[in-house]
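All of the numbers you see were taken from the coordinates with simple rules; none came from a lab. Just so you know, these numbers come straight off a predicted model, no measurement behind them. Glycine also receives a Cβ, built like all others from the backbone with ideal geometry; neighbour counts cover every protein chain displayed.
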């Protein structure tokens, strides 16, 4: 068979060197967005005198919308031109971000910087995800994505703490953002000179996929019809019950993350918490999230996807409610750790579930649609929580987000079907029939 003659091999161990380099690159990707987690909302309030919470979180809205749209087209384009070119382009777009933040003399420039950051995150993070999935194949997908997300969000959490520390020691600007210049340059250099194209690994998996007798009919239907982006978008957004469940859960997960990004620093500061302490609390959430993904991603390969996703959303909801129900420092620490646990249960598992049901030839595009909805959640969460905070107060805004997160988990528990199939390299028959119709 041609697949057996190929020098390419699927698997984590078989591609360990390249996989490890992609993990390192994703560390730099996470650091880029971590630069803003603690300090930027405080800059809006203290340096620019913004009193409207909606105005302060506008930078998250621009980030979320840009990242969402860029995810969609980056993934589709990577199936035509390859993954590496998209990865490198993402770093080129991200280079000006720290300079814009350092020299901005109007809040408008923070919105511009976050448009560029949204493109950077969409192209670079999407490609590190897709490239790792390409390399490892279906057997250890959850573990691979757990490692990827752990690296990115551990770096994000560390940088959120570090920028808070630097801001407390020096000033809100420019010292915390000097780090971003080195991060952007390092990410670009490693991507240009170290990363290798992985699209042929996806094509190898596609050949193996076609070779599976029980899935041959489904595969042929997908290949024959060559579905358009519009067809795949409809499938991943609402036609397939599993993909819809993943997309809505991803959106709500990032909706509550967008709220925590923009509102939590201001909420904590309203109780007199200093910037260094805010940075520490803000760091605990992504650090717990990142480290625990090493466990939850691996567990999803054995326990299945659905239970972890549904339970994780409920844990997140409880943590968010706790933040406002007991407004004291120790409760915020506990809530941050619990929110990290819940997100760790959800984040890599959703990506693995998408990988379970997506045909290898269309996987990047389907992941792009999922990531479109997921990252649109940043904008929805920031805008919704900002408006509610202005009208009803920050406490009410946080509680509303907690309720929405709980309802999302309930939807997964009721509607989603288990996607993990230990006996097939897979595509769901339901997804295949929808695309082939």
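A compact table of results
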read-out: Between 0 and 90°, nearest 10: helix 175-193 axis offset from the chain longest Cα axis; value: 10
read-out: Computed E for residue 207/residue 102 - FRET, C-beta separation, R0 45 angstrom, nearest 0.05; value: 0.35
read-out: Relative packing of 10-21, 297-308, which averages over residues the other C-beta atoms within 10 Å, highest first; value: 297-308, 10-21
read-out: GNM top mover of 384, 294, 50 - the chain, alpha-carbon springs below 10 Å; value: 50
read-out: Gain in span if fully extended, residue 20 to residue 330, counting 0.36 nm per residue against the direct Cα distance; value: 108.0 nm
read-out: Protection proxy ranking of 310-318, 28-36 - average other beta-carbon atoms within 10 Å, highest first; value: 28-36, 310-318
read-out: Protection proxy ranking of 160-171, 179-190 - average other beta-carbon atoms within 10 Å, highest first; value: 160-171, 179-190
read-out: Helix-only CD estimate at 222 nm, as mean residue ellipticity for the chain, using -39500 (n - 2.57) per DSSP H run (n ≥ 4); value: -27000 deg cm²/dmol
read-out: Contour excess over end-to-end distance, with Cα ends at residue 390 and residue 230 and 0.36 nm allotted per residue; value: 53.9 nm
read-out: Projected-area mean, the stretch 115-196, by convex hull of Cα positions, square nanometres; value: 6.2
read-out: Most fluctuating residue given options 178, 153, 285, as computed from a GNM of the chain linking Cα atoms under 10 Å; value: 178
read-out: Stretchable slack from residue 271 to residue 80, in nm (0.36 nm times residue separation minus alpha-carbon distance); value: 63.6 nm
read-out: Degrees between helix 394-415 axis and first principal axis of the chain (Cα, 0 to 90, nearest 10); value: 10
read-out: Isotropically averaged projected area of the stretch 277-401, using the convex hull of Cα atoms (one quarter of hull area), nm²; value: 8.3
read-out: For the stretch 270-307 versus the stretch 149-170, the gap between their alpha-carbon centres in whole angstrom; value: 13
read-out: Cα→Cβ-extended label distance, 7 Å offset, between residue 52 and residue 414, nm; value: 3.7
read-out: Choice from 245, 126, 206 with maximal GNM fluctuation in the chain (Cα, 10 Å cutoff); value: 206
read-out: Relative intensity, log₁₀ I(q)/I(0), of the chain from a Debye sum that treats every alpha carbon as a point, q = 0.07, 0.08 Å⁻¹; value: -0.31, -0.40
read-out: Degrees separating the helix 241-262 axis from the principal Cα axis of the chain, which is the longest one; value: 20
